[in-house]
1. If you compute volume of the Cα convex hull per residue in Å³ for the structure shown, which of (i) 309; (ii) 251; (iii) 141 do you land on?
2. Calculate the FRET efficiency for Asp384 and Arg435 from the Cβ-Cβ distance with a Förster distance of 60 Å, rounded to the nearest 0.05.
3. With no solvent and one equal point scatterer per Cα, compute the Debye intensity ratio I(q)/I(0) for the stretch 264-325 at 0.13, 0.14, 0.19, 0.26 Å⁻¹ and report its log10, rounded to two decimals.
4. 5 Å is the cut-off here: which amide hydrogens, built 1.01 Å from N in the peptide plane, fall below it relative to Ala441, excluding neighbours closer than 5 in sequence?
5. Based on DSSP H assignment, which helices of the chain show an axial Cα extent of at least 27 Å together with a mean Kyte-Doolittle hydropathy greater than or equal to -1.0?
6. Along the charge dipole of the stretch 152-240, which of Gln230, Gly159, Ala212 sits closest to the positive end, that is, farthest toward it, with unit charges on the beta carbon of Lys, Arg, Asp and Glu (+1, +1, -1, -1)?
7. Taking the Cα centre of the stretch 287-336 as origin, work out the dipole magnitude from +1 charges on Lys and Arg Cβ and -1 charges on Asp and Glu Cβ, in debye rounded to 20.
8. Pick out, from Ser410, Ser146, Ser241, the residue whose Cα sits farthest towards the positive end of the charge dipole of the chain, with +1 on the Cβ of Lys and Arg and -1 on the Cβ of Asp and Glu.
Amino acid sequence: MGADHESLTHPDASPRRHPRQRHEGRSLRVMAVAALAALVGCALNPPRADAPALAAPAQWQAPLPHDGSLTDLTRWWDQFNDPLLTQLIVAAQDASPTLAAAASRIAQARAGRTAAGAALLPALDANASAVRGRQDFATPLGTLASANAQASWELDLFGGRRAARDAAQARLDSAQAGWHEARVSLAADVATAYLGLRACEAQLLQTQADAASRGETARLTELSAKAGFQSPANEALSRASAAQARAQLSAQRAQCDIDVKALVALTAIAEPSLRAQLAANAATLPQPAQIGVSAVPAEVLSQRPDLYAAAREVVAASADVAGSQAQRLPRVSLAGSIGPAHFDAGGTSGNGTLWSLGPIAVSLPLFDGGARAANVDAARARYDEAAAVYRAKLRTALREVEEALVQLQSTASRNDDARTAAQGFNDSYRATEARFRGGLASLFELEDARRSAVQAQSALIELQRERVAAWIALYRALGGGWRAGTTTLSLQ
């Protein structure tokens with residue numbers, strides 16, 4: 001510790017070194033640190049810390065849908081013919097614990113990024129002290145009071161702390177992309193649940209009509225049997241058919257109730273209120289706008305927030321490797337303090353400034369039982385794991401887009417045939433029913449025609465559900481219109 005000797009004099013002050021000696025001592029320390037940096041600077045060879053390239057194929061193998069554009073995805077839900085769907089998605093986002101957890105991870109990552117950046121800067125603390133006593137037998141009783149600011153700084157000669165900062169930044173980017181992915185997934189889940197409910201309601205109407213028709217057939221058959229115009233076997237068959245239809249109707253109602261409760265859980269809307277809102281467009285399947293898909297897979301996959309998040313995790317793992325390598329190299333730190341002091345002893349007192357610069361400390365790892373080397377190996381293993389996860393997510397993304405495209409192509413190609421079949425079987429059933437009432441067709445013929453008509457109509461409703469679900473799956477597979485660097489996102 002040095003002191004301003006013009007303003008503070010201590011009885012036992014030690015002899016001061018000549019200014020030239022102090023200057024030479026500082027020069028030697030600085031030269032030693034510089035030489036040490038030159039000797040070991042080349043020992044640190046951090047891996048590249050950029051995102052891996054998208055190893056995507058040159059083109060899609062499935063046919064691409066026509067019309068639409070990728071920019072429509074950012075407000076895609078507004079392009080449905082059902083405003084209630086948008087309201088349900090907004091409610092689900094407000095109530096989602098998954099989104100809340102994703103937002104919390106962003107806050108944690110942001111705090112980690114701040115802490116890692118602060119580690120590169122000097123630390124400054126203030127402290128005050130007061131001491132009363134005797135230093136030795138010759139010194140009178142005295143009091144020394146001081147207050148000073150203490151600074152410390154570890155010089156990041158080999159980039160370890162910069163690597164930690166870069167890793168923290170990459171993890172913050174990953175957490176932000178994860179939040180966007182959660183929003184896209186939640187919107188798709190709500191839309192899929194809503195679609196399932198509307199398809200269930202459409203099937204319920206079909207089942208109700210079928211049950212009413214079978215019940216009427218059973219009533220007429222019973223009257224005919226009592227009059228002797230129908231056999232007991234036909235009467236039993238009609239009763240069985242009507243009972244089967246009622247059972248199917250009860251099962252379909254239960255399924256629709258389950259779908260409503262699933263939406264209640266997703267949106268946190270009270271069930272009576274939700275049912276009142278759902279009543280407006282009951283049994284009407286929402287129809288989305290079409291989505292255009294770029295023919296170049298790499299352009300499409302660059303919109304996936306989960307792929308971006310995985311890529312940033314690779315970057316963070318690469319920086320962790322550099323940080324763990326730096327821990328094996330010397331560490332240089334610098335400290336200092338300055339502050340006012342007051343001394344009072346045996347009638348002698350003084351005021352002045354106490355200051356110190358140093359020590360410049362160099363810590364050189366010599367032996368740790370292989371701990372630091374093991375940390376480097378572990379960091380490299382985590383890097384390999386992150387790279388493997390990224391490659392797996394890339395393959396999954398390619399599969400999801402291809403599957404959605406195949407489903408769209410399949411449902412489009414089946415649509416006309418399914419409508420033709422439904423219309424044809426319905427016409428056949430109506431004709432057979434008229435013949436049955438005229439006594440020209442048997443009950444077996446009527447039930448067979450009815451069964452075929454019901455199955456064809458149910459298949460058409462299911463095909464319509466599959467097609468809308470394929471559009472929703474494509475929306476999710478394309479990342480919901482997200483772009484890297486987006487900080488806020490409109491309703492997805």
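No value in this document is a laboratory result; all are computed from the given coordinates. Since the structure is predicted, the reported quantities are computational estimates derived from the model, not experimental observations. Quick reminder, even Gly has a Cβ in these numbers, built from the backbone with ideal geometry, and neighbours come from all protein chains shown.
1. After the calculation, the listed value that fits is (ii).
2. Working from the Cβ atoms, E equals 0.25.
3. -0.73, -0.76, -0.85, -1.06
4. Correct list: Phe436.
5. Long hydrophobic helices here: 19-40, 97-118, 160-226, 232-267, 305-326, 371-437, 443-477.
6. Positive-end residue among those listed: Gln230.
7. 260
8. Ser146
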